[in-house]
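J.: Please find one structure pasted underneath; my questions will follow.
The values are calculated or read from the model by the stated rules, or taken from the named source; none is laboratory data. Keep in mind that this is a model prediction, so the values were computed, not measured. All Cβ positions, even for glycine, are placed from backbone atoms using ideal geometry, and neighbour counts span all protein chains on display. These accessible areas exclude ligands, DNA and RNA; they are computed on the full protein's heavy atoms, side chains included. Shrake-Rupley method; radii C 1.70, N 1.55, O 1.52, S 1.80 Å.
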Amino acid sequence: QVQLVESGGGLVQAGGSLRLSCAASGRTFGDYAMGWFRQAPGKEREFVAAISWSGGSTFYADSVKGRFTISRGKAKNTAYLQMNNLKPEDTAIYYCNADPSTSATRDGRPDYWGQGAQVTVSS
């Protein structure tokens, strides 16, 4: 059974940092792109960042560019989202995803989704 499990969420003050992790299991993910989306209360789920299967290409939403960094573990079955200089508007549930296609991870059409991790940024 394939699972994506997010961890590392929590409460942080504005200007602080958090690092989210996404652990994938149940199959080999070395040839899968991985990504992150988020959904704030009352808003649609939106793209945050994505990384190709090799880790050689990364993509970011304009709203997080320069503050967030996506990366992969050496075993390729883990993705990370380092979030710096957090703002109250970053408050949301963060979901990781995985798909053979990088485009699918960016468009929100991946094969797999995680359950989500809450990130709350206080002002």
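J.: Please specify each residue of segment 12-64 satisfying the condition of being part of a strand (DSSP E or B) and among the acidic types (Asp, Glu).
T.: Glu46
J.: Scan segment 99-123 and report the pairs whose first residue is acidic (Asp, Glu) and whose second residue is open to solvent by less than 30 Å² (accessible area, probe 1.4 Å) and not in a loop (DSSP other than H, G, I, E, B), with Cβ atoms within less than 9 Å and a gap of 6+ or a chain change.
T.: The qualifying pairs are Asp99/Ala33; Asp99/Met34; Asp99/Gly35; Asp99/Thr105; Asp111/Asn97; Asp111/Ala98; Asp111/Asp99; Asp111/Ala104.
J.: Could you tell me which of the residues Phe68, Phe47 is closer than 19 Å to Ser7 by Cα, of a type in the set (Phe, Trp, Tyr) and free of Cβ contacts under 8 Å to residues at least 60 places away in the same chain?
T.: Phe68
J.: Out of the strands (runs of 3 or more DSSP E) lying entirely within segment 67-107, which hold 3 or more residues that are out of contact with any Leu (no Cβ under 9 Å at 6 or more places or on another chain), modelled with pLDDT of 95 or more and open to solvent by less than 60 Å² (accessible area, probe 1.4 Å)? Step through it out loud before you land on a result.
T.: Numbers: elements: 68-72, 78-83, 92-99.
Per the criteria, 92-99.
J.: Go through segment 1-51 and give me each residue that's open to solvent by 10 Å² or more (accessible area, probe 1.4 Å) and in contact with a helix residue (DSSP H, G or I) (Cβ under 7 Å, 6 or more places away or on another chain).
T.: Ala14, Phe47 - these are the residues of segment 1-51 that are open to solvent by 10 Å² or more (accessible area, probe 1.4 Å) and in contact with a helix residue (DSSP H, G or I) (Cβ under 7 Å, 6 or more places away or on another chain).
J.: Looking at Tyr95, is it on the phi < 0 side of the Ramachandran plot, within 10 Å of the chain's Cα centre (by Cα) and among the hydroxyl-bearing types (Ser, Thr, Tyr)?
T.: yes
J.: Please identify the pairs in which a residue from segment 5-22 that is closer than 8 Å to Ala117 by Cα has its Cβ atom under 6 Å from the Cβ atom of a residue that is open to solvent by 50 Å² or more (accessible area, probe 1.4 Å), counting only partners at least 6 apart or on another chain.
T.: Listed by first residue and then by second, the contacts come to Gly8/Arg19; Gly9/Gln118.
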